1. Between segment B:46-81 and segment A:124-182, what is the separation of their alpha carbon centroids in Å?
2. Mind listing the long-range amide H neighbours of C:ASP339? Cut-off is under 5 Å, sequence gap 5 or more, other chains count too, H placed in the peptide plane at 1.01 Å from N.
3. Between A:SER159 and A:GLN22, what FRET efficiency follows from the Cβ-Cβ distance if R0 is 22 Å, with the result rounded to 0.05?
4. Looking at segment C:195-254, which GluC sites (Glu not before Pro) are DSSP coil and have at most 15 other C-beta atoms within 10 Å of their C-beta?
5. Across the residues of B:306-316, average count of Cβ atoms on other protein chains within 10 Å?
6. How big is D for segment B:1-150, in µm² s⁻¹ as a whole number, if Stokes-Einstein is applied with the Kirkwood radius of its Cα pairs at 10 °C and 1.306 mPa s?
7. So who's got an amide H within less than 5 Å of the one on C:GLY315, skipping anything under 5 residues away but keeping other chains? H placed 1.01 Å off N, in plane.
8. Determine the sum of side-chain charges near A:ILE41: Lys and Arg each +1, Asp and Glu each -1, restricted to other residues whose C-beta is under 13 angstrom from that of A:ILE41.
Amino acid sequence: MLWDNVVGHSAVCLSLKNSVEQDRVHHAYLFTGPSGVGKFIVARTLAASMLCPEGGCGECNVCRRVMQEKHPDVRVIRPAGKNIPVETVREVRMDAFMKPSEGARKVYIFKGAERMWEEGASTLLKVLEEPPGDVVFILVTANPAGVLPTIRSRCQEVSFANVPLEQLKTYIMERKGISEERADLVVRLTGGVLGRALDWCDEQWRLARRDNVIKAARALKRAELNDVLQMASELYREVRAPVEELSATYQQRKRDLEDGSLDAGVVRRLSKDLDEALSRERVKEETRGVEEIMTTLSWWYRDILVMKEGGDPGLLVNRDLTGEIEEEAEVIPTRRLLDSIDLLAGGILAAERNVPVQLNLESTLLGLQEALYA
Amino acid sequence: MNATKPRAILHIDMDTFFCSVERLLDPALEGRPVIVGGDPSQRGVVAACSYEARAFGVHSAMPLARAGRLCPQAVYLRGDFQAYLYYSRRVRDILCEYTPTIEPAGIDEAYLDLTGCRLAFGEPAVVVREIRARIAAELGLPASAGLSTSKVVSKVGSKVAKPNGFVEVPPGGEAGFLAPLPVEKLPGVGPVCSTTLTDLGIRTVGDLALLPPEALESVLGSWGRVLSEHARGEDRRRLEPGRAPKSVSRETTFDNDTIDYELVRCTLLLLAEKCCRALRADGLATTRIAVKLRHSDFRTYMKFRTLKVPTDQEQTVFAAAGELFEGLLERGVRIRLVGVALSGLVGAGCQGELFEGPAAGRSLKLDSLNESIDRIRERFGFSSILRGSTSELLPDRRSSLRDTIPGRLHEAASEGSAAGGGGAAVRVPQPATRSGRPPRGC
Amino acid sequence: MIVSCDREKLNSLVQTALRGVSSRVTMPILSGLLINAESGELVASSTDLEMSIRTRVEASVKESGSTVVSGKLLGDIMKSLPPGEVTVESGEKYLVVRSTGGEYRIKELMPEDFPQIPVWSGDASFKVQGGSFISAIHQTSRASSSDEKRPVLTGSLIEKNLESSGVRMVATDSYRLAWKDVEVSGSVAEWEDCIIPTKTLNEVARLAGGSDADVETKMQDKQAMFRIGTMVVTSRLIEGQFPNYKQLIPKGEKTTVVLAKEDLVAVVRRAMIFGHNIRFGVYSDHLRLTTETPEVGDSKEEIAAEVSGEEMEIGFNAGYLLDGVLAVDTEKIEMRFDDPQKPALIKDFESEEFKYIIMPVRLR
């Protein structure tokens, strides 16, 4: 069963599963929770369980196509560029008024559902107000406050919490075949967000990057202005590297398209879609990179704070660096640690607001130097 | 402009236009007080009244209820804007036969430059008599006329000539003609301005002409200097003939670049309203709507939409403009300017809808709503009636509500020859009471 | 899968199925044709999710099976092959097309990814003579809306008419409405009134054009199906309530006009040059059509007509008027008016089968 493949969220899954089995499916859901926690997987699972004759067996062609986003009655809508354009919402509205192609129901999954301007949102609202029969909307968002309250009030809200650390740890140990120690570290560093934890397992460089970031932080004490700027640009390179990698992946996917099975016009269209997706992903990856660096630093200073205040060493995130944490705890005063954590929160906010990456890194590092050692 | 011969500018003004047309349609109204605007039992104001009604103290812009008490025996009419527009066009048809240089100044008045028509039609004064005679004979409507070397003197002339008269001010006689008249006769001098002047001991235009321009400027701002020139009969403004517009556009630059999308949206509504009002005044409808957006870094974008059914309704234009705007938006980027341009202009008409229901008849209802609003604005100016969401945007309205807040908008209007064609931008000065703009109600 | 078939037949099979491939691809698989070979038949299917086409041809099937390949590539190669027998064989990754001397390989897509296409089973609900079905679509479809804000109006209503035991096709965009009664053979009792995307109906008319074969129709799995010879077109239905149109029919209490259709068409076409809206004046023995675009130009033309009832003036959107007049199927056209603000009727002369109701324009 597909439901069994979902990690964590057992209460949520059970209630959704029951509502499908008892034919009490709501016509609109709002899935909320941190990004990477598993909302979208649950959304697809819910869709499959509604369309599959076996309630989501995971084996049949229906389930397969739903999970691979190839089923005609399950449409996934994503922001194009930064937003979901009103044209797309209108197409959905039009499509919603058509009876399903194959099954008994049609499902529309909106990823980033808060990313709609007024016209798009009000078009969606109109459909939600008078939903055609057989249609289920699943709005997925990490930022429910950004969703129009009138839309929210018409949806059954399902909130997703982070998967309990222990459960997540066991899962990635099994799935990725890694040691408990390592799994523990990854789980702590990613705050229990499943998607990110898996990424950290697959992408070794993320851990290496953490090491570099902490090394840079520790070097701040004796760094001249030029050194700090140098550090910032090295960190900037760290952020850029995965972005470049992403570009390479997309280039490969574009080449794969041209394997001859598709007509040239279709290939053009799809590679244009890929280009758009890439430019979207690049921005996302860049922002994420900065956020991760800032978060790494926040955890670092928080660990020092925990150590300084005589906290339980079991609470440390960077457990593998206990020695280093102890050293720092000796020298940095509490007040300064608190200031630094505040400063980093500002850096994350700046990243979300598209402040140029290098500028953001430079000003954060200089700020930290002043806050900690001035 | 002819350098040797003085200019001959005619201002022609239809006498109590709405009432005269009503009398034409119903001769039984002849000689009776007529008030256009609605029933005195209704809320509303007098849009126009005949001389018979004025004798009872009724005047334009007075609440209908008050008019009802002053002159209960008057005939009260709702008004037929279609008919007014029709006769206005017929008058214009006649004027067009004499000169191409016509500047329409509302539904019932226009300026004509007759300087060049001496050869073809004879002396300007003769032409004016002929025009008035033809309007009377062919349409049965009374018109007053003022003829002089400038717009302002001719305008005052036609005012003095009323009812149904003609005043000619010969070249050189401008200042002498204006001097004995009370200052209120000058265009642009309304109650507020007039009070200010009276406080300075100025009662006649002659008093005003004697005052040094600098002194007037210090009291009234840049408007003071212009007023001072006008008082001496100096006015070199040329006529701005209305051309057949190929497009109508309005745009606005924000005082400060903004990310307040609600403000931008309201501004779009205001611009849509202004464009549509211009369309309706010309009896046109649009089939192509464009929105222009300039970001703070001066990147400028435009998006178009073509309509199947032509429209002259701001509601439809705004609905499309709102969506186009959404397509142009970049989250987090400040906006410097927005504009609305309507092109693909065709003759107007309101397409009805077949079905009953919440949406049915909406179009026709909006049609008559817009018509009423136009009628009010025709008389009392654009900002005399505003939508809730746009009422905060207009500089003059804002400053009358809150004295100290500077206007937020600079406005530029253009009627270019291509969609979005810039045209010369006219910066409307602001705010009203402090600077050169004549206060409303003048 | 190994199948052989005559090139001519194979080509026409593929070209027909290609009509169902939309250029607006949302899923790559939809740019493909699904090819099935089974029990002496080769079947080609396509879908754009709104409409699907399934068409078949007799062929010698040596090995049954199915595959999906790019519709355009297959179509292009079929078009250019020389006459004679063609063999089609699907292997691991490629569909191999063999003709005299030539061998062409087309990369395959996964047939499992192809959306399910309903297969016609059982008998038709009713049958319509091809020509009259096509002309009914032509006469009504132009009144249909393309505004996706009102999905219902982008479709045409096909409802059973128990009195005449026929069906009625109705389309409207809320500014005008066209309907046509169509005679059918067989019972309409089982037919469920439904709204079919007008786009699909136009496609059905195109596919049925040329041949005068009957069109068989039925409702199956909540989809409408049309069978024309060896081909089946399936359409998804639009949900919702079609507006109640019956109360709209003008009675013609005030004025009735009869005149030659061709004459009116010519006059309207000329008038349209000078404006979107036509002032349509009805006088004792003639019509006067005027248009104007302020400051640009105007037109005025009179045309003789048999008029009974009051004289009147009414405004029409020129395009909507022309659509209605063109759709009339008789040499003479009949128009009826109640009031300049109320819907007017355009219809076949002395026949009640076709009606076109047009809402006037209020002129300024």
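Laboratory data are not the source of any read-out in this text; all were calculated from the coordinates shown. Computed from a predicted model, the values in this text were never measured in an experiment. For neighbour counting, all protein chains shown are included, and Cβ atoms are generated from backbone atoms with ideal geometry for every residue, glycine included.
1. 66
2. Those lying under 5 Å, H to H, from C:ASP339: there are none.
3. Values: r = 22 Å, r/R0 = 0.98.
Computed FRET efficiency for A:SER159 and A:GLN22: 0.55.
4. Values: sites: C:GLU203, C:GLU216, C:GLU239, C:GLU253; in loops: C:GLU239, C:GLU253.
Of the GluC sites (Glu not before Pro), the ones in loops of segment C:195-254 whose Cβ has at most 15 other Cβ atoms within 10 Å are C:GLU253.
5. On the way: counts 0, 0, 8, 7, 5, 0, 1, 0, 0, 0, 0.
If you average over the peptide's residues, the count of other-chain Cβ atoms is 2.
6. Numbers: Rh = 16.6 Å.
In µm²/s, the coefficient rounds to 96.
7. C:PHE280, C:VAL361, C:LEU363
8. On the way: positive: A:LYS39, A:ARG44, A:LYS111; negative: A:ASP4, A:GLU69.
Residues near A:ILE41 contribute +1 overall.
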